1. Do we have GLU10 as surrounded by 11 or more Cβ atoms within 10 Å (Cβ to Cβ) and of a type in the set (D, E, K, R) here?
2. Is it the case that the range 20-29 has a residue that's out of contact with any Leu (no Cβ under 9 Å at 6 or more places or on another chain) and in a helix (DSSP H, G or I)?
3. Identify all residues within the range 62-116 that are out of contact with any helix residue (DSSP H, G or I) (no Cβ under 6 Å at 6 or more places or on another chain), of a type in the set (Phe, Trp, Tyr) and under 30 Å from ALA14 (Cα atoms); write none if there are none.
4. Mind checking which residues of the range 84-107 are aliphatic (A, V, I, L, M), farther than 15 Å from ALA16 by Cα and surrounded by 17 or more Cβ atoms within 10 Å (Cβ to Cβ)?
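Every number here is computed from the coordinates shown, using simple stated rules; none is lab data. Note that the structure is predicted; figures quoted are calculated from it, not measured. Here the Cβ positions follow ideal geometry from the backbone for every residue, glycine too, while neighbour counts run over all protein chains shown.
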Amino acid sequence: MKIFAKKPIEVLLAQAAEQGEHTLKRSLGPVSLTALGIGSVIGAGIFVLTGQAAEAHAGPAITISFIVAGLVCALAALCYAELASTIPVAGSAYTYAYATVGEFFAWISAWDWIGE
């Protein structure tokens, strides 16, 4: 079936190397990207909502729950770092899903991000 078609990594890399006015330009450096990531994570919601959820569900083990959550976040970051080093093109979960599991799952992933 065509909905499960995968795009080879070589094609993704060739498309990323294209030049011209129809292509995206890289304009953010490491410092800007780090600031963007930290700015999107830190906010009133992260402190208020996670604290309320931890209080309601973790009880006295609140410290352990934050350690487990931090460990899970670190593992997710390592997974994204591995994918980004293997497929270094503009994109996110859509591009990674397109290259690994197919177009249909990439489409679902993209709509999940839009809905989120």
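1. So GLU10 does not fit the description; no.
2. Scanning the range 20-29 turns up no residue that is out of contact with any Leu (no Cβ under 9 Å at 6 or more places or on another chain) and in a helix (DSSP H, G or I).
3. Matches in the range 62-116: TYR80, TRP107, TRP111, TRP113.
4. Once the filter is applied, which keeps residues that are aliphatic (A, V, I, L, M), farther than 15 Å from ALA16 by Cα and surrounded by 17 or more Cβ atoms within 10 Å (Cβ to Cβ), the range 84-107 yields ALA97, ALA106.
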